[in-house]
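Report on one structure; see the data block that follows.
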């Protein structure tokens, strides 16, 4: 993991940015996304423990190695834009977009 990638993860969880430099969200939105990943069992093992620590103690409690784990699973679940219409995926729809093949809720429902 590069220092820039670590900075992006730390910035994301401080509520000021994202992984790609595009979408931002407040820390509550990001934490709700994290809660969803935990609730649905999308994370397991060390990643689950790190996610719980991140959620309850904040990004400043993580080591660089733990931040690298967060970056790996966020890179899997994070979708900045709809693969069909190009619209921004809000944090509240992020896991659904992951399950829906990278499409926003509108495109998935309407087939645009």
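The values are calculated or read from the model by the stated rules, or taken from the named source; none is laboratory data. Everything numeric here is computed off the predicted structure, so don't read it as measured data. Using ideal geometry, Cβ is built from the backbone for each residue, glycine included, and neighbour counts are taken over all protein chains shown.
Test residue 74 against the stated conditions and say whether it is in the same structural domain as residue 3 (by TED's automatic domain parsing), touching a residue at least 60 places away in the same chain (Cβ under 8 Å) and surrounded by 19 or more Cβ atoms within 10 Å (Cβ to Cβ).
Here the answer is yes, as residue 74 does meet what is asked.
Condition (residue is surrounded by fewer than 16 Cβ atoms within 10 Å (Cβ to Cβ), in a helix (DSSP H, G or I), modelled with pLDDT under 90 and at negative phi) applied to segment 78-91: is it met by at least one residue?
No, segment 78-91 contains no residue that is surrounded by fewer than 16 Cβ atoms within 10 Å (Cβ to Cβ), in a helix (DSSP H, G or I), modelled with pLDDT under 90 and at negative phi.
All but one of (1) in contact with a helix residue (DSSP H, G or I) (Cβ under 7 Å, 6 or more places away or on another chain); (2) assigned to a helix (DSSP H, G or I) hold for residue 43, so report the exception by its number.
For residue 43, the failing item is (2).
Going through segment 15-51 one residue at a time, which ones are modelled with pLDDT under 60 and more than 11 Å from residue 74 (Cβ to Cβ)?
Residues satisfying the conditions are 15, 16, 17, 21, 22, 23, 24, 25, 26.
Could you grab me the full set of residues in segment 58-71 that are within 19 Å of residue 37 (Cα to Cα) and at pLDDT 85 or above?
The answer is 62, 66, 67, 68, 69, 70.
Any residue in segment 83-112 that's not assigned by TED's automatic domain parsing to the domain that holds residue 29: show its pairings with residues that are at pLDDT 95 or above and loosely packed, with under 14 Cβ neighbours inside 10 Å at Cβ separation under 6 Å, as long as the two are six or more apart or on different chains.
Hits for this filter: zero, empty list.
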